Each structure stands twice: as structure tokens, then as C-alpha cells.
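Asker: The structure under discussion is supplied below as C-alpha cells; questions concerning it will follow.
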Amino acid sequence: MEAIAKLNNCPTSPRKMRLLADLVRGKRVGEAMNILRFNNKKESSHRLDKLLRSAIANWEQKNEGADVESAQLYVKTIFVDGGAMMKRVRPAPQGRAYRVRKRSNHVTLVVDSKIAATVETVNNNNA
């Protein structure tokens, strides 16, 4: 059984957040948390770490009594979409103004159990 966690309007550019999302995609939860904890991109990695913890908590809520370590949780999907953009103005020479786009993003993270996924595929094949 999979669990979803979403982070909306994160004030980081989607391009920067996708770099971290690509590192974590498909990894086991413990390994993904270590990657995020020791990454140089402090702000983005802290937010993704918090989102991953939220997805694990959502999975625990759905599967009461199940153990996280024995379920072999992994990051099934993670994707980053562009969010709202704040448009600001920076002064430029000769009375002009340059536009500054402060980008934000939406992150969606899905965590699933490897054991449950294999049991479901076996059951679907037998039916």
C-alpha cells in the first residue's frame, strides 16, 4: 500500500529541487534519508527530508501495526512541478528595470512497500 505526501509552494526553483529528487528516486527510505541529510544543498534537502518523513508517517497511518524496516519502504515516485512565480523589479542603468522571477515549486512524493507490491502482482497474476 502506497502513501503520498505533497509540498506546495516551496520557495525554491524547480530546477534546483529536481536535482535532489533525481538522487532520491527509487532508493530505499533509509538510504534516501542519508542522501538528503548529508547533501550540500541544505535548504532543499531539509525540505525534502521533512517531506519524506511525512510520507513515511502517512504510510504508518494507513498500515497500523506494520513495521517500517520489515516493509522495505522505498521512494516509488517523486516529481517536481513549477509553482507560482513572484515577479519583482530590480533597478537597471539609465532608468530601466530588470525583471526578477522568484520561482517556487510543488513536490509530490510517493512511498511504497516492496513486499506489498510483490504480493499484489502475484495476486493479480493468479486471478
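The values are calculated or read from the model by the stated rules, or taken from the named source; none is laboratory data. All values reported here derive from a predicted model rather than from experimental measurement. With ideal geometry, Cβ positions are generated from the backbone for all residues, glycine too; neighbour counts draw on all protein chains shown.
Asker: Can you find a residue in segment 105-118 that is at pLDDT below 95, under 26 Å from W59 (Cα atoms) and of a type in the set (S, T, N, Q)?
Answerer: Yes, there is a match, as at least one residue in segment 105-118 is at pLDDT below 95, under 26 Å from W59 (Cα atoms) and of a type in the set (S, T, N, Q).
Asker: With the condition kept exactly as written, say whether any residue in segment 49-64 is part of a loop (DSSP other than H, G, I, E, B) and either of a type in the set (S, T, Y) or modelled with pLDDT under 95 (or both).
Answerer: Taking every residue of segment 49-64 in turn, at least one turns out to be part of a loop (DSSP other than H, G, I, E, B) and either of a type in the set (S, T, Y) or modelled with pLDDT under 95 (or both).
Asker: Starting from segment 52-80, take each residue that is farther than 17 Å from M33 by Cβ and list its partners that are outside any strand (DSSP E or B) and at pLDDT 90 or above, counting only C-beta distances under 6 angstrom and pairs at least six apart or across chains.
Answerer: Going by the 6 Å Cβ cut-off, the qualifying pairs are V80/P14; V80/M17; V80/R18; V80/A21.
Asker: Answer yes if at least one residue in segment 50-62 is surrounded by 10 or more Cβ atoms within 10 Å (Cβ to Cβ) and in contact with a Pro (Cβ under 9 Å, 6 or more places away or on another chain), and no otherwise.
Answerer: No, every residue in segment 50-62 fails to be surrounded by 10 or more Cβ atoms within 10 Å (Cβ to Cβ) and in contact with a Pro (Cβ under 9 Å, 6 or more places away or on another chain).
Asker: Considering (1) within 20 Å of the chain's Cα centre (by Cα); (2) not in a loop (DSSP other than H, G, I, E, B), say which one Q94 fails and leave the rest.
Answerer: Tallying (1) within 20 Å of the chain's Cα centre (by Cα); (2) not in a loop (DSSP other than H, G, I, E, B), Q94 fails exactly one: (1).
Asker: Let me ask you something else. If T77 satisfies every condition in (1) of a type in the set (S, T, Y); (2) at pLDDT 95 or above; (3) in contact with a helix residue (DSSP H, G or I) (Cβ under 7 Å, 6 or more places away or on another chain) but one, which is the exception?
Answerer: (3)
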